[in-house]
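> Can you keep this structure in mind? I'll have questions shortly.
The values are calculated or read from the model by the stated rules, or taken from the named source; none is laboratory data. Values in this document were obtained by computation on a predicted structure and should not be read as measured data. A quick note on method: Cβ atoms are made from the backbone with ideal geometry, for glycine too, and the neighbour counts reach across all protein chains shown.
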């Protein structure tokens, strides 16, 4: 019945600010979490109560919003590509090589039609990223076990949109992911700006019809991530609401303060012995 941190990262790069984490600090965050007895799970595992960390350890959900190049950047070397070791995926993969329980289990809340390099981790030469690399990046994340999360088409303010506009934003993001990873259904949505549409039910079920092809795209969402709010309740708690999961923004020393607070209060979720 303890609480579970759902961490929220945005830009990963050189700068350190409210919305940007220095790549070295991010690497230290993973080391800190591991040393303090935390192991990652996805939102899907949280909602489905599949918390499979070892007894005595605690789950943590690590999410990345906005699909910027610093989260997943390729470096071209002749005819081959390698993951930039200073990008979040590069750091995560290197950490997982030393700590196998870290393999996969990140949650990437993606935008498919945003500008400024936020369309599936960079395009059009932004930070050296080519448009053709976008779909392979999604396929790599899924193959490695990470969860893809819907963050709408271009980070829209859903509160200002019509019912049709809300459905288009969610459905077209789903369509783009399906184009890269056929059959993949995003079941988690990160609420852009933390602003709800006028009809909240449109976040969980809806559809959109492509006027050109007449194809109907349906979506089904059963977990919604908020922008802030602190650690999440356990999914075993009757007050847990999968359609309103709070998160903790990671900047400065907020992560250290959070972990210290949970230990002082004795409020962190700790896995017990598994049933035989």
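> Restricting to region 24-54, what's the tally of residues that are within 16 Å of residue 95 (Cβ to Cβ) and surrounded by fewer than 18 Cβ atoms within 10 Å (Cβ to Cβ)?
8
> Assigned to a loop (DSSP other than H, G, I, E, B) and more than 15 Å from the chain's Cα centre (by Cα) - does that describe any residue in region 20-34?
No, the conditions are met nowhere in region 20-34.
> A follow-up question, please. What are the residues in region 141-165 that are part of a loop (DSSP other than H, G, I, E, B) and closer than 24 Å to residue 77 by Cα, if any?
144
> Can you tell me how many residues within region 198-246 are under 30 Å from residue 272 (Cβ atoms), touching a helix residue (DSSP H, G or I) at 6+ places or on another chain (Cβ under 8 Å) and either modelled with pLDDT under 95 or not in a strand (DSSP E or B) (or both)?
Adding up the residues that qualify gives 5.
> Sticking with this structure for a sec: Among the residues of region 5-16, are any more than 18 Å from residue 250 (Cα to Cα), at pLDDT 95 or above and not in a helix (DSSP H, G or I)?
No, the conditions are met nowhere in region 5-16.
> In the list 115, 144, which residue meets the criterion of being surrounded by fewer than 21 Cβ atoms within 10 Å (Cβ to Cβ) and under 15 Å from the mean Cα position of the chain (by Cα)?
144
> Being in contact (Cβ under 8 Å) with a residue 12 or more places away in the chain and either surrounded by fewer than 17 Cβ atoms within 10 Å (Cβ to Cβ) or within 15 Å of residue 257 (Cβ to Cβ) (or both) is the filter here, so list the residues in region 9-20 that pass it.
Scanning region 9-20 gives 16, 17, 18, 19.
> Further, regarding this structure: State whether one or more residues within region 120-140 are crowded, with 17+ Cβ neighbours inside 10 Å, in a loop (DSSP other than H, G, I, E, B), touching a helix residue (DSSP H, G or I) at 6+ places or on another chain (Cβ under 9 Å) and without any contact (Cβ under 8 Å) to a residue 12 or more places away in the chain.
Yes, the conditions are met somewhere in region 120-140.
> With respect to residue 193, is the statement that it is in contact (Cβ under 8 Å) with a residue 12 or more places away in the chain, within 19 Å of residue 113 (Cα to Cα) and surrounded by fewer than 19 Cβ atoms within 10 Å (Cβ to Cβ) true?
Against the criterion (in contact (Cβ under 8 Å) with a residue 12 or more places away in the chain, within 19 Å of residue 113 (Cα to Cα) and surrounded by fewer than 19 Cβ atoms within 10 Å (Cβ to Cβ)), residue 193 qualifies.
> Provide a single number: the residues in region 45-54 that are under 16 Å from residue 234 (Cα atoms) and assigned to a loop (DSSP other than H, G, I, E, B).
Total satisfying the criteria: 6.
> If you don't mind, there's one more thing I want to ask. Determine which member of the set 258, 262 is under 18 Å from residue 62 (Cβ atoms), surrounded by fewer than 21 Cβ atoms within 10 Å (Cβ to Cβ), in contact (Cβ under 8 Å) with a residue 40 or more places away in the chain and more than 21 Å from the chain's Cα centre (by Cα).
262
> Let me ask something else about it. Do the conditions hold for residue 28, that is, is it within 23 Å of residue 243 (Cα to Cα) and either out of contact with any helix residue (DSSP H, G or I) (no Cβ under 9 Å at 6 or more places or on another chain) or modelled with pLDDT under 95 (or both)?
Criteria not met by residue 28.
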